[in-house]
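What follows is calculated from the coordinates using simple rules that are stated; it is not laboratory data. Nothing here was measured: the structure is a model prediction, and the numbers come from that model. Here the Cβ is made from the backbone with ideal geometry for all residues, glycine too, and neighbour counts use every protein chain on show.
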Amino acid sequence: MKHLAITVALLSWLGSVASEPIVVASKNFTESYLLGEMIAQRLEQAGFEVDRRFGLGGTLICYEALVAGEIDVYVEYSGTLEQTILKLGKRTSIDGLDEHLVSRGLALLSPLGFNNTYAIAVRKEVAEERSLERISQLTKYRDLRVVVSHEFLEREDGWPGLRRVYGFDWIPDGIEHGLAYQAIADGSIDVTDAYSTDGELQRYDLRVLADDKAFFPTYLAIPLIRHDLSPLAQAAIEDLAGTLDDSSMAALNASVVFEGEDFASAARNHLGSIGFDIAEERSSGFDNGEGFSKEFDSLIRNTKRHLWLTAIALFTATSVGIVLALAVFQVSWVSRAVLYVAGLLQTIPSIALLALMIPIFGIGMLPAVVALFLYSLLPIIRNSVTALVTVDPVLRRVATAIGLTRYDEIRYVYLPLAMPAILAGVRTAAVISIGTATLAAFIGAGGLGDPIVTGLALNDTSLILQGAIPAAVLAIATELVFEGVERVLVPRHLKVLEEPT
């Protein structure tokens, strides 16, 4: 009986573990979406429930989410682990990388088979005109318009290291990786960084310069997992080891970028080619255009999530901001300190603030709401404090003279007179929140940022507009709503003010 009880308990525990979905993530570029979708589909075929968190905003956010236990697996690159995450500063084997990750509760599975190293790409006509074949030749042409991705600009295995090894004495401007290809195709820039397996290299007929000083490390694509991921799940992912080479990965990327195939179909076709027949209905990842009905459903879903994010953040910020302003406005040094702290929060770049939230709040809606709340505080507190401090002293003395309590003074004097400015602050905060909430997609919170992020990865203007236009419409609608609210509320409060006096 004792053994039976232990067996039942063990099976129960295994059942509870299996019932929890495995969270598969990706970064916000085409190849990462594809690899994430392949892993997700293979896990689903093996009987696991999968939660997709695709399009997270880069290396830092994916890695921090994995460490925090918010995701279970995503595909990382050996060179990125070596130089950017672990900052080892030297070439390290896969086993060596794995040893450094064990203490962080992480592990590497087997490489998928291809090396997607960084590359420097040049417009073909520019390369032919200047006879450019090697990266070192760029030092002779200061007139070339060099613009690189933001991540490449900051990474040690990106521009800082490249500058040191090759002797570049300038710092280029930064751009979103997906937009760089369109800019180079339009002739707006001449040189940018690329990934060696990018489909855009073929699409835009770009020349890749030889790394003649062997600066870039090897970037083997490897599933990075939490150490406690189910052994059965690990085994299912291991089935993908060695199934891709450089050319096949480049062809898959091109099928999405160049031929318009959606991520789920491209991943499913590759899995089929290596012996895993995936039923089409199993795949529930991103698609980039399968009819008006799906696009409309996606628009409604994303808009609802966007409104929910901004509404929670704005309501909380308004409540806290007004109460805080009422508490501190009569003590000048305290009110200045509060405004200083609120202003300091505004100086933190949005995506950086979202990344800093991950170790505390994880990914998803909560960190997005907290970040939007913090960004909304400044205009609400500043407008409220300024309006309360500048209430006419004569009216304040009259209120005291007729014996109004502190509560009545605030209710009948301060708040009615300050209401126009307070509403203006809330109105500003609402518009800021609607715009900033599009970045919530970078930490898996959804909203109208989702199609924007996917569109950037695919360089698909129509997808970008599916998020950008509704966000702009929401901002305009918010302005109109607050204009109506001001017309209704402000006169009524001013009439209330006349009654006690």
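Computed from backbone phi with θ = phi - 60° and the Karplus coefficients 6.51, -1.76 and 1.60, the 3J(HN,Hα) list for the stretch 202-207 is 6, 4, 9, 6, 8, 9 Hz; x is used for glycine and proline. Shown in residue order for the stretch 361-367 are the 3J(HN,Hα) couplings computed by the Karplus curve 6.51 cos²θ - 1.76 cosθ + 1.60 at θ = phi - 60°: 10, x, 10, x, 5, 4, x Hz (x for Gly and Pro). Along the axis of the charge dipole computed for the chain (Cβ charges of +1 for Lys and Arg, -1 for Asp and Glu, origin at the Cα centre), the listed residues SER265, VAL24, GLY435 are led at the positive end by GLY435. Compared with the dominant Cα axis of the chain, that is its longest principal axis, helix 449-458 is turned about 30°. Taken one residue at a time, the phi angles of the stretch 160-170 give Karplus couplings (6.51, -1.76, 1.60, θ = phi - 60°) of x, x, 4, 4, 5, 6, 9, x, 5, 10, 9 Hz. Gly and Pro are set to x. Which entry in (1) 0.98; (2) 1.06; (3) 0.96 is this structure's computed Rg/Rh (Cα atoms, Kirkwood Rh)? Calculated Rg/Rh (Cα atoms, Kirkwood Rh): the matching label is (2). For a straight C-alpha distance cut-off of 19 angstrom, the aspartates and glutamates reachable from LYS213 (same-chain residues fewer than eight places away being disregarded) are GLU82, GLU133, GLU156, ASP157, ASP169, ASP193. Rounded to whole Å, give me the distance from the Cα center of the stretch 336-415 to that of the stretch 67-111. Cα centres, the stretch 336-415 to the stretch 67-111: 42 Å.
Computed FRET efficiency, Cβ-Cβ of ARG397 and LYS304, R0 60 Å: what is it to the nearest 0.05?
Working: r = 50 Å, r/R0 = 0.84.
Efficiency computed from Cβ-Cβ geometry: 0.75.
Listed cross-link partners LYS90/LYS124; LYS27/LYS140; LYS87/LYS124; LYS27/LYS304; LYS27/LYS87 are compared with a 26 Å cut-off, the Cα-Cα value being larger for LYS90/LYS124; LYS27/LYS140; LYS87/LYS124. Ordered by the count of other Cβ atoms within 10 Å of each Cβ, fewest first, VAL338, VAL370 give VAL370, VAL338. Panel order for MET365, MET249, by other beta carbons found within 10 Å of each beta carbon, from fewest to most: MET365, MET249. Extension gain for ALA337 to ASN269 (0.36 nm times residue separation, less C-alpha to C-alpha distance): 18.6 nm. Ordering ASP460, ASP212 from the fewest to the most neighbouring beta carbons within 10 Å gives ASP212, ASP460.
Each helix, a run of at least 4 DSSP H residues, gives -39500 (n - 2.57); summed and divided by the residues of the chain, these come to -18500 deg cm²/dmol at 222 nm.
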